[in-house]
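Nothing in this text is a laboratory measurement; each read-out follows from the coordinates by a stated rule. Computed from a predicted model, the values in this text were never measured in an experiment. Ideal geometry is used to build each Cβ from the backbone, glycine not excepted, and the neighbour counts take in all protein chains shown.
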Amino acid sequence: MQRAEVPREPLKITDTTLRDGHQSGLATRLRLEDMEPIAEEMDKAGFYSMEVWGGATFDVATRFLNEDPWDRIRILKRLLPNTPLQMLLRGQNLVGYRNYPDDVVRAFVHHTAEMGIDIFRVFDAVNDERNFETAFAAIKECGKHIQGSLCYSLTQPKLGGPIYNIDFFVKKSLVLQDMGADSLCIKDMAGLIAPQDAYDLISALKKALRIPVQLHTHYTSGMASMSYLKAIEAGVDIIDTALAPFALRSSQPAVEPFVVALQGTPRDTGLDLAHLFKLGQYFESIAPKYRDFLDTTKMSVIDIGVLMHQIPGGMISNLVAQLRELNALDRLDEVYAELPRAREELGYPPLVTPTSQIIGVQAVQNVLLGRYKMISTQVRDYVYGLYGKPPAPIDPEVQKLALKGYPRGDKPITCRAAEVLEPEMDKAKEATKDIAKDIGDVLIYALYPTTGMKFLRCKYGLEEPPAAVKPKTLEDVRREDELIAKAKAGKLVEVETAPPGSS
């Protein structure tokens, strides 16, 4: 009997190498000068899209690299004419750490679209759909693709419980679809999604939605590739991967094994392994320039701890840095224990920028100073509702403490957060009138007034950029290696010529 032919549904691939790949593994330090030489070859790969911007790239470019973030889009758009360029937009947070007023959101989206971004992946840290409204409308005005995104989170080891269950994600996804999303992404920023949960969730979403479904996860826990395979089995349309040199660890799974695993199946990606290998070899060649940013403190490429504490890798590094600065690193375990308690009291927000920083800082303060003896301005803003509506009610006692003496009042707002924010674009234009050359410059200041103005002054030669922004070259790396080799050789000689009996 002849087997019935299965319809071919090629799996689409979003490549994250030029954004989340290096943000996760190399502290977002990859420079445009190292993207340009390989961009045209990446354009030939046949990716569904390439994520090249958003997330931390805007902040890092101006703060640490002395690069204009708008140049990155403009130049890559010219070099990648055949591949849709994608960015990660934090909803009303844009690429910052607070909610911005509507006029800033509209101006930012319009300029970003004009520079060359085709697909806007929009998420909100508390999954409050009201924080999508202005960004969605602006993206639609520009005729670009809206990818509504939901932050994947848990209150227990697996999907389920009273908050983060399949029903929660399906209902939220239907809302985003009705708001105009052209596709839907489940954004698993901590690598928490288990294989069977991925299958069950994607199956439910495919049944409920009429728009394509994409899954984004991180390799942090070690489950990501297994979860992707189960999602593929359930019919997911697109997955996020990185080229092998910038994959794994806290980044995305590598694309190459999926190309081989799906070859000859109905989900065959159609990508050429030899070409991907060629691309990977380029990134291997420039990687030594960035080795100082790679975490080499552990042997393991996965973090089993995330399966227990559910804390994203970037959040852990921030906590460690805070405690080290306060000479209190020995209290890290106490902070780990405090985090889930504080998160529950603050309404179980997903731990993603900026809520991960908000909850993390408060947990540290609770451990070092006593529970809620000191409450950060960001927590007070969050409790008041300036970041949106939390997934669960905030503990009444914590709310009372947080809003005691709060300038805006002691009763949280129930409206869309941005409705209480005053417009800021005119003020930003006035503040930058003597230096800004275009709307891009004004937006750099509007998003980051302090570091943004410093960058603009460096950009236009009014002050010298910090020495730390000078990029390391491969020649620098070669000299470092030679010095290390000589030092080791000298040590060996010393040992060999030491007199008998010496220690």
To two decimal places, what compactness ratio does the chain give when its Cα radius of gyration is scaled by 2.2 N^0.38 Å? 1.02
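Relative contact order of the chain, please, whole-number percent, based on alpha carbon pairs below 8 angstrom and at least 6 residues apart.
Numbers: 842 pairs, mean separation 81.6, N = 503.
The normalised contact order for the chain reaches 16 percent.
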Search the structure for amide H atoms under 5 Å from the amide H of Cys185, placed 1.01 Å from N in the peptide plane, and list their residues when 5 or more places away or on another chain. Gly148, Ser149, Leu150, Gln214
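As a footprinting exposure proxy, order Arg8, Arg416 by other Cβ within 10 Å, with the fewest listed first.
Details: Arg8 10, Arg416 20.
Going from sparsest to densest Cβ surroundings: Arg8, Arg416.
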With θ set to phi - 60° and the Karplus curve 6.51 cos²θ - 1.76 cosθ + 1.60, what are the ³J(HN,Hα) couplings of the range 406-414 in order, to the nearest whole Hz, using x for Gly and Pro? 5, x, 7, x, 9, 10, x, 6, 10
Under 19 Å Cα-Cα from Lys278, which aspartates and glutamates qualify once same-chain neighbours fewer than 8 residues away are excluded? Asp15, Glu33, Asp34, Glu36, Glu40, Glu41, Asp43, Glu256
Which three extents, in whole angstrom, do the alpha-carbon atoms of the range 312-384 cover along their principal axes, largest first? 32, 27, 19
Report Rg (one decimal) and Dmax (nearest whole number) for the range 117-184, counting Cα atoms only, units Å. 12.9, 41
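Would you list Asp441, Asp434, Asp272 from fewest to most Cβ contacts within 10 Å? Please list the in-between numbers first.
Details: Asp441 22, Asp434 7, Asp272 13.
If I rank by nearby Cβ atoms, fewest first, I get Asp434, Asp272, Asp441.
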When DSSP assigns beta bridges and you keep just the ones with both residues in the chain, what percent turn out antiparallel, to the nearest 5? 0 percent
Tell me, what ³J(HN,Hα) does each residue in the range 167-178 have, in order and in whole Hz, if you take phi through Karplus 6.51 cos²θ - 1.76 cosθ + 1.60 with θ = phi - 60° and put x for Gly and Pro? 4, 4, 5, 5, 4, 5, 5, 5, 4, 5, 4, 5
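How big is D for the range 423-473, in µm² s⁻¹ as a whole number, if Stokes-Einstein is applied with the Kirkwood radius of its Cα pairs at 10 °C and 1.306 mPa s? It would help to have the intermediate numbers written out before the result.
On the way: Rh = 11.5 Å.
Approximately 138 µm²/s, per Stokes-Einstein.
For the range 394-455, what is Rg from Cα atoms divided by 2.2 N^0.38 Å, rounded to two decimals? Walk me through the numbers before you get to the answer.
Numbers: Rg = 17.0 Å, N = 62, 2.2 N^0.38 = 10.6 Å.
Against the compact-globule rule of thumb, the ratio is 1.61.
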Have a look at the range 76-164 and give its Rg and Dmax from the Cα atoms, expressed in angstrom. 14.8, 48
Quick one: compute a quarter of the convex hull surface over the Cα atoms of the range 12-293 and quote it in nm². 13.7 nm²
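For Tyr460, Tyr406, Tyr164, what ranking results if the residue with the fewest other Cβ atoms within 10 Å of its Cβ goes first? Before the final figure, lay out each step's value.
Details: Tyr460 12, Tyr406 16, Tyr164 24.
Fewest to most other Cβ atoms nearby, the residues stand as Tyr460, Tyr406, Tyr164.
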HN-Hα J in Hz across the range 110-123 - Karplus 6.51, -1.76, 1.60, θ = phi - 60°, x for Gly and Pro: 4, 5, 4, 5, 5, 6, x, 6, 9, 10, 9, 8, 10, 10
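Which of the pairs Lys12/Lys206; Lys171/Lys207; Lys171/Lys400; Lys158/Lys298; Lys77/Lys433 have their Cα atoms more than 19 Å apart in this structure?
Details: Lys12/Lys206 15 Å; Lys171/Lys207 12 Å; Lys171/Lys400 31 Å; Lys158/Lys298 26 Å; Lys77/Lys433 29 Å.
Flagged as over cut-off: Lys171/Lys400; Lys158/Lys298; Lys77/Lys433.
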Set of lysines near Lys470 by C-alpha distance (under 19 Å), chain-local residues within fewer than 8 positions excluded: Lys289, Lys454, Lys459
Which length gain, in nm to one decimal place, applies between His110 and Tyr282 when the Cα-Cα distance is subtracted from 0.36 nm times their residue separation? 58.6 nm
